[in-house]
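Participant: Below is one structure. I have some questions about it.
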Amino acid sequence: MNDDRESILSRVRGALAPLHERAALPDYDTEIAVMRSLIAGRDLAEVFTERIKRVSGLAVADPAALVAHLRAGGWLRGYCDPALWPQLAPHFGPEFKVEVDYDRTRVDDYAFGITRAAGAIAESGTIILNDATTSRRLAALAPWVHVAVVGRGQIFADLPQAVAAIGGDPNVIWCTGPSKTADVEGILIEGVHGPGQQIALLVD
Amino acid sequence: MRSQPIDQFVTTLPADKRASVYQSTKATHEKRTKLLFDEFADPNRLRHLAGEIKQHTLEHLDTYLPAVEAKMKTNGVTVHWAATADAANAAVLAIMRARNATKMVKAKTMVSEEIGLAHFLEQNGCEALETDLGEFIVQIDDDHPSHIVRPIIHKTRREIATSFEREGLGAYNDDPETITRRARQFLRHKYLQADVGLTGANFVSVESGRLVLVTNEGNSRFSLAAPKCHIALVGIEKLVPRDRDLGIFLNLLARSATAQELTVYTEFISGPKSPAQPDGPEEMHVIFVDNGRTEVLASECREILRCIRCGACLNVCPVYRQASGHAYRSVYPGPVGAVLSPLLAGERFPALADLPKASSLCGACNEVCPVNIPIPDLLLRLRNRAKQENVPSPGTPPMGAWALMASQPTAWKAALFGGKVLNYVPAKLIPVPAMQAWSAKRALPEWRGGEFRKWLKNRLQKSPTP
Ligand code: SF4
C-alpha cells in the first residue's frame with residue numbers, strides 16, 4: 001500500500017515535470033456564483049420560505065401549523081429530539097405518539113422525526129444539518145417526514161456564505177427538498193431512501 | 001468488418017430505446033440551459049472559472065495530494081493509496097476483513113464501476129449492494145449503467161417491473177412510484193444490517209480534507225447513518241484547492257447534471273462521526289485511486305481529468321442520443337467516455353480507438369461542459385494517436401485520392417467539373433462503395449463547387465491589391 005503511495009506520487013511528479021508552466025489558481029469573487037437579484041434587500045426567512053417551496057419542501061412559521069400539517073397527513077407517530085420536546089409537546093394533541101428515544105430496530109414505526117437544524121440557505125431553500133445539532137442521524141433520515149427546527153437568525157443568504165460557515169463539524173449535510181429520483185423513465189418520484197416530506201419549522 | 005464497432009451497435013438498437021434516450025437527454029439539456037442563463041449574470045464565466053480551478057489543481061497534484069493526505073490524517077481518517085484496480089479492490093477487502101465485515105451498502109461511485117468492486121467482493125464472500133435506485137436495478141439485472149448520472153436511461157418501466165417480480169420484490173407492477181417504494185422498503189433494512197458504507201466523492205477540498213458527496217435519493221446519507229465504517233473510493237483527480245471553490249462547483253454540478261439548482265443531499269464529510277452522535281461510522285477510510293489517471297495526466301489529453309461527471313455532454317451529444325451508452329463499451333460513455341475510456345484502457349487502447357471517431361466534432365459537448373473541457377480537440381488528438389499507432393480503422397474511406405486532388409490545381413479543376421456532372425447522376429449509381437453506403441440514408445445537396453474561385457477571380461480583377 002505504501003509502495004502504491006510512492007508509485008502514484010512519483011508518476012504524478014513525472015507527468016508534471018515536462019510542463020513549462022503550470023496553470024495558476026484563478027482569483028475570483030464568489031459573488032459570481034450567487035443569484036443576487038433573488039435575495040438582494042429581502043428578508044431571508046421570506047426568501048427561504050419561497051425557495052423551499054420551489055423544491056417541494058415546506059417552511060412553517062409556528063408549531064401549531066406544523067402539528068396541523070402532520071395531523072392532516074395522518075403522521076401521528078414519530079420521534080422528537082429530547083431537547084426540543086419540552087417546548088413542542090404542548091402543541092401536540094393526545095392523538096400523537098411521540099418518542100424521545102429512537103430505536104433503530106423499529107425504523108418503520110416513526111412517521112416523522114423532529115431534529116434541530118444547524119442553519120438554512122435562503123437562495124436555494126436548503127436546510128443545514130450537522131452532527132452537533134442533529135440528535136440522531138437516522139431520525140432525520142428514515143421517517144417519511146423530517147422536520148428541522150431552524151432559528152430565523154441562522155439563515156444564510158447564499159451558498160458561498162454557507163460554505164464559509166461549515167466549520168469543524170465532521171458531517172455537515174445540506175438537504176434541499178425531499179429525497180427524490182428520476183431513474184425510472186425520467187419520472188420524478190419523491191421519497192426514495194430519505195424523507196418524502198422535508199419541513200422547516202422556523203423559530204425565533 | 002466494414003464499420004466501427006460503435007456503428008455496428010447502433011444498427012441493433014431498438015427504436016423505442018433510441019427514442020426514449022433521445023427524449024430524456026434532450027429534456028434535461030434544455031432545462032439546464034434555461035436554469036443557468038436565467039439565474040446567473042454570466043454563466044459562461046462560471047464554466048471557464050471552474051475549468052481554470054480544476055486545471056490548476058491537476059497541474060499541482062504533486063503538492064496537493066500529500067497536503068490533503070496530511071489534512072485527512074489530522075481529521076482522523078485512514079488514508080490508503082491504490083495504483084491499480086486490483087490494489088483498490090484489495091484495499092477495500094482488507095478493511096472489511098480487519099473488521100470481520102461481510103455486508104456492504106454502496107452509494108453510486110463511478111470508480112467502483114471502473115474497478116469492478118461489487119463482483120470482486122462477491123467472489124470473496126462479501127455482499128456489496130447497490131443502493132442508488134438505478135444502480136440497484138442494474139445490479140439485479142447483471143447489466144451495466146448506460147449513463148453517468150442516469151444509469152438505467154436505457155430501461156423501460158416494464159422491464160424494471162419484470163425484474164422486481166423475478167427478485168421477489170412484489171407482484172408485477174410498473175408504476176414508477178410503486179417501484180420506488182418497494183426499493184425503499186427493501187433497501188432500508190439492508191442499510192441497517194450493513195457493516196460498511198461505501199461512497200465515492202464528487203469533490204475533495206485540500207484545505208479542509210472534506211469529501212463532498214451529492215445524491216438526490218439520500219442513499220449516501222443512509223450509508224453514513226447506519227453502518228459503523230465508511231470507505232470512500234476517490235480518484236486522485238477529485239481535488240479542489242479550497243472550500244470556497246465548492247460554491248462554484250456545486251452550483252454548476254446540479255444544474256449541469258439534472259437541471260436542479262442544488263442536488264437534494266450535499267454532504268461535507270471530514271471524518272468519523274462526532275463522539276456524541278449515536279449514528280454513523282466510527283471509522284473512516286479514504287482510498288486514493290490512480291488506475292490509469294497518472295497516465296492521462298502525462299498525456300496531452302490531461303484536461304479530461306477536470307471532468308466532474310455531470311453527464312451534460314452525454315445529454316447534448318447527437319451521437320450519444322442516437323447510440324445510447326452501451327455503444328461505448330466502457331464505464332464512461334458519451335463524449336467524456338470517448339476521450340477517457342480509450343485513455344484509461346492503457347494497452348487496450350486499440351480496442352476502443354473507434355470511440356474518438358464517433359463524433360461530428362460539432363462542439364456541443366465543449367459548450368455545455370461545466371469545466372470547459374475542449375473535448376473536440378482531445379478527440380482529434382486521440383484520432384491522431386490512433387493513426388500514429390497504426391490502429392486499423394474499418395469503414396474509413398481512403399483519402400489518398402483526395403490528397404492528390406487537393407494538392408494539384410489541374411486535378412482540382414477537373415474535379416469541380418466532375419462535381420457538376422454528378423448533379424445529373426443519381427448517387428446510387430456512383431460506383432464508389434463508401435459513397436453508396438453514405439448516400440443510402442442521406443441526400444446529397446446540389447453541387448455548387450467552384451463558386452469561391454469565381455468570386456475571388458472577380459474580386460481580384462475589380463480591385464487589384466498592391
Ligand atoms: S466532460 Fe464536462 S460535460 Fe462531460 S461529464 Fe465531464 S464535466 Fe460533464
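The values are calculated or read from the model by the stated rules, or taken from the named source; none is laboratory data. Source: prediction; values computed, not measured. Here Cβ is always computed from backbone atoms with ideal geometry, including for glycine, and neighbour counts include all displayed protein chains. For accessibility, only protein heavy atoms count, side chains too; no ligands or nucleic acids. Shrake-Rupley method; radii C 1.70, N 1.55, O 1.52, S 1.80 Å.
Participant: Counting only residues that are at the interface with chain A (Cβ under 9 Å from one of its Cβ atoms) and part of a loop (DSSP other than H, G, I, E, B), which one in region B:235-254 is nearest to A:ARG5 (Cα to Cα)?
Facilitator: Taking the candidates together, the pick is B:ILE236.
Participant: Within region B:371-389, can one find any residue that is closer than 26 Å to B:LEU35 by Cβ, within 14 Å of the ligand (Cβ to nearest atom) and part of a helix (DSSP H, G or I)? Full working, then the answer.
Facilitator: Step one: filter region B:371-389 for residues closer than 26 Å to B:LEU35 by Cβ, giving B:371-376.
Pick out the ones that are also within 14 Å of the ligand (Cβ to nearest atom) and you get B:371-376.
When the remaining residues are screened for being part of a helix (DSSP H, G or I), the result is B:375-376.
There is at least one residue in region B:371-389 that is closer than 26 Å to B:LEU35 by Cβ, within 14 Å of the ligand (Cβ to nearest atom) and part of a helix (DSSP H, G or I).
Participant: On to the next question. If you scan region B:435-466, which residues turn out to be touching a residue at least 24 places away in the same chain (Cβ under 8 Å) and over 21 Å from B:PHE417 (Cα atoms)?
Facilitator: B:ALA437, the sole residue that qualifies.
Participant: Hey, another quick one. Would you mind stating whether A:ARG116 is of a type in the set (D, E, K, R), over 13 Å from the mean Cα position of the chain (by Cα) and modelled with pLDDT of 95 or more? Give the derivation first.
Facilitator: Values: of a type in the set (D, E, K, R): yes; over 13 Å from the mean Cα position of the chain (by Cα): no; modelled with pLDDT of 95 or more: yes.
In short, no.
Participant: Among the numbered criteria (1) open to solvent by 10 Å² or more (accessible area, probe 1.4 Å); (2) touching a Leu at 6+ places or on another chain (Cβ under 7 Å); (3) within 12 Å of the ligand (Cβ to nearest atom), which one does B:ARG302 miss?
Facilitator: B:ARG302 satisfies every listed condition except (3).
Participant: Six or more apart or on different chains, Cβ atoms under 6 Å: show the pairs whose first residue is in region B:141-166 and open to solvent by 30 Å² or more (accessible area, probe 1.4 Å) and whose second is assigned to a helix (DSSP H, G or I) and among the hydrophobic types (A, V, I, L, M, F, W, C).
Facilitator: Short answer, once both residue conditions are applied: B:VAL149/B:ALA257.
Participant: May I pose another question? If B:GLU207 passes every condition in (1) part of a loop (DSSP other than H, G, I, E, B); (2) at pLDDT below 95; (3) open to solvent by 10 Å² or more (accessible area, probe 1.4 Å) but one, which one does it miss?
Facilitator: Of (1) part of a loop (DSSP other than H, G, I, E, B); (2) at pLDDT below 95; (3) open to solvent by 10 Å² or more (accessible area, probe 1.4 Å), only one is false for B:GLU207: (2).
Participant: Enumerate the pairs (first residue in region B:331-346 and in the same structural domain as B:THR25 (by TED's automatic domain parsing); second residue anywhere and more than 8 Å from the ligand (Cβ to nearest atom) and of a type in the set (D, E, K, R)) with beta-carbon separation below 7 Å, excluding pairs fewer than 6 apart on the same chain, so at least 6 apart or on different chains.
Facilitator: none
Participant: Considering each of B:LYS54, B:LYS73, B:LYS106 in turn, give the residue that is more than 11 Å from chain A (Cβ to nearest Cβ) and touching a residue at least 60 places away in the same chain (Cβ under 8 Å).
Facilitator: Working: B:LYS54 fails: more than 11 Å from chain A (Cβ to nearest Cβ); B:LYS73 fails: touching a residue at least 60 places away in the same chain (Cβ under 8 Å).
After applying the criteria, what remains is B:LYS106.
Participant: Now a separate question. Would you pick out the residues in region B:305-335 that are under 18 Å from B:ARG348 (Cβ atoms) and either within 14 Å of chain A (Cβ to nearest Cβ) or within 9 Å of the ligand (Cβ to nearest atom) (or both)?
Facilitator: B:TYR332
Participant: Going by the structure shown, is B:ALA364 away from the ligand (no atom under 16 Å from the Cβ) and among the hydrophobic types (A, V, I, L, M, F, W, C)? So that I can check it myself, show each step before the final result.
Facilitator: Values: away from the ligand (no atom under 16 Å from the Cβ): no; among the hydrophobic types (A, V, I, L, M, F, W, C): yes.
Considered against the rule, which asks whether it is away from the ligand (no atom under 16 Å from the Cβ) and among the hydrophobic types (A, V, I, L, M, F, W, C), B:ALA364 comes out as no.
Participant: Scan (1) over 19 Å from the mean Cα position of the chain (by Cα); (2) at pLDDT 80 or above; (3) open to solvent by 40 Å² or more (accessible area, probe 1.4 Å) for the single condition B:PHE37 breaks and write down its number.
Facilitator: (2)
Participant: Where residues in region A:4-35 are charged (D, E, K, R) and at the interface with chain B (Cβ under 8 Å from one of its Cβ atoms), which of them is least open to solvent (accessible area, probe 1.4 Å)? Steps first, answer last, please.
Facilitator: Within region A:4-35, the subset charged (D, E, K, R) is A:4-6, A:11, A:13, A:21-22, A:27, A:29, A:31.
From what's left, at the interface with chain B (Cβ under 8 Å from one of its Cβ atoms): A:4-5, A:11, A:13, A:22.
Working: A:ASP4: 30, A:ARG5: 52, A:ARG11: 103, A:ARG13: 114, A:ARG22: 86 Å².
For region A:4-35, the residue satisfying everything is A:ASP4.
Participant: So which of B:ALA259, B:ALA201, B:ALA183 is surrounded by 22 or more Cβ atoms within 10 Å (Cβ to Cβ) and at pLDDT below 95? Steps first, please.
Facilitator: Working: B:ALA259 fails: surrounded by 22 or more Cβ atoms within 10 Å (Cβ to Cβ); B:ALA201 fails: at pLDDT below 95.
From the options B:ALA259, B:ALA201, B:ALA183, the qualifying one is B:ALA183.
Participant: Within the group A:ARG51, A:ARG71, A:ARG137, A:ARG106, which residue is charged (D, E, K, R), open to solvent by less than 20 Å² (accessible area, probe 1.4 Å) and over 24 Å from B:ILE269 (Cβ atoms)?
Facilitator: From the options A:ARG51, A:ARG71, A:ARG137, A:ARG106, the qualifying one is A:ARG51.
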